[in-house]
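The values are calculated or read from the model by the stated rules, or taken from the named source; none is laboratory data. Here the structure is a predicted model, which means the values were calculated and not measured. All Cβ positions, glycine included, derive from the backbone under ideal geometry; neighbour counts span all protein chains shown. The area values use the complete protein model at the heavy-atom level, side chains included, leaving out ligands, DNA and RNA. Shrake-Rupley method; radii C 1.70, N 1.55, O 1.52, S 1.80 Å.
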Amino acid sequence: MTISSFKKLKGIEKISAITAYDALFAGIFDGEVDVILVGDSLSMSFGGNDDTIPISLEAMIYHTKAVRKVTKKSLLIADMPFGSYPNINLGLKNAIKMYKQSGADAIKLEVNESKITLLKELINNGIAVMAHIGLMPQFYRHDGVYKIKGKDEAENQSLLDLALQLEEIGCFGLLIEGTKSDIATKITKNLKIPTIGIGSGSGTDGQILVWSDAFGFFNKFTPKFVRKYLDGESILKEAIKKYNADVKNITFPNENESY
Ligand code: KIV
């Protein structure tokens, strides 16, 4: 999938997206969904951190490179992590580093009004940019909570204004996280570029889930919007227990499994 074919899906069919952080799982997901995102959620689900803030640019590049090796069909987007785009100079330098070294088709940045000039600069330099609006996990420590957006008229209007500006400067898509369905739907209807939603209802052009949430491997907490397609943790627990028992009982390896 290219940026151009991604954009053409708007109004034709819903866009499916999932996160992946390594070649093993990305290889399984590639082609089964339209988009694979190397999200900074990696910090929590696989890094064991309490939020997305600790993950470094180098770690994001390392994981995106691994995913790139096996992502041949889906569009590959990589997150720019917290602290990697604090101003135009550093943001441009780090985005170019990510784009060049990781091989991602596009990058995603969590943005408010103050990042419009930076995004314009990235796009003018040939970088495909997806803007992440609504609930922004990189602001978790600042806000103190994961707060759903779009709860009053003023907030709705500024979200819509921001979305329109992001389209205007050339973002190829928006990710709308943790936002009331009404405003996510309104933004989607007012834009020509696709919107991907997470915890933002069914009115966006597409949906994304964090794979370890969707397949039941990350159960520390489960937000309301997550649908579990697999009880991964139980299945894996059962398998590791069985393996342990087989080793202890000397039933593994058997003759066929030996040279
Ligand atoms: O980091 C991430 O996984 C995200 C989600 C919104 C999908 O950005």
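Tally Lys and Arg at +1 and Asp and Glu at -1 over the other residues with C-beta under 11 Å from the C-beta of residue 44: what net charge comes out?
On the way: positive: 220; negative: 40, 50, 51, 213.
Neighbourhood net charge equals -3.
How much accessible surface area, in Å² rounded to 10, belongs to the heavy atoms of residue 141 with a 1.4 Å probe?
Rounded to the nearest 10, the figure is 140 Å².
Counting only other residues whose beta carbon sits under 10 Å from that of residue 81, what net charge do I get with K and R as +1, D and E as -1? Don't skip to the answer; put the middle values down first.
On the way: positive: none; negative: 40, 58, 79, 110.
Every neighbour counted, the sum reads -4.
Would you check the stretch 39-104 for Lys pairs whose C-alpha atoms are within less than 23 Å, ignoring same-chain pairs closer than 8 in sequence, and give me the count?
Close lysine pairs found across the stretch 39-104: 9.
By how many degrees, 0 to 90 and rounded to 10, does the Cα axis of helix 232-248 deviate from the longest principal axis of the chain?
20 degrees
What's the local net charge at residue 106, with K and R +1, D and E -1, over the other residues with C-beta under 13 Å away?
Working: positive: 7, 68, 108; negative: 34, 79, 105.
Computed value for this residue: 0.
Kindly state, as a whole number, the per residue volume in cubic angstrom of the convex hull around the alpha carbon atoms of the chain. If you can, show how the numbers build up before the last one.
On the way: hull volume 37.3 nm³, N = 259.
It comes to 144 Å³ per residue, whole-number rounded.
Calculate how steeply helix 88-102 sits against the longest principal axis of the alpha-carbon atoms of the chain, using the helix alpha-carbon long axis, and give the answer as 0 to 90 degrees to the nearest 10.
For 88-102 against the chain, the angle is about 40 degrees.
Which one, 35, 210, 226, has the greatest fluctuation when you compute a Gaussian network model over the chain with C-alpha springs under 10 angstrom?
Residue with maximal mean-square fluctuation among 35, 210, 226: 226.
Exposed loop GluC sites (Glu not before Pro) only (DSSP loop, at most 15 other Cβ atoms within 10 Å): please give the longest stretch of the chain free of them, not including the sites. If you can, show how the numbers build up before the last one.
Working: sites that count: 13, 32.
Counting only loop sites that pass the neighbour cut-off, the longest clear stretch is 33-259.
Among 247, 38, 129, which one shows the highest mean-square fluctuation when the chain is modelled as a Gaussian network with alpha-carbon springs under 10 Å?
247
Enumerate the lysines that residue 189 could reach by cross-link, defined here as Cα to Cα under 17 Å, with residues fewer than 8 away along the same chain left out.
7, 8, 10, 14, 180
For helix 153-169, report the angle its Cα long axis makes with the longest principal axis of the Cα atoms of the chain; keep it between 0 and 90° and round to the nearest 10°.
Taking Cα atoms only, the helix is inclined about 90 degrees.
Build a GNM of the chain with springs between Cα atoms under 10 Å: which of 234, 74, 102 gets the top mean-square fluctuation?
Highest fluctuation among the options: 234.
Determine the dipole magnitude for the chain: charges of +1 sit on the beta-carbon of Lys and Arg, -1 on that of Asp and Glu, nothing else is charged, the reference point is the Cα centre, and the result goes in debye to the nearest 20.
Numbers: 31 positive and 31 negative charges, 66 e Å.
I would put it at about 320 debye.
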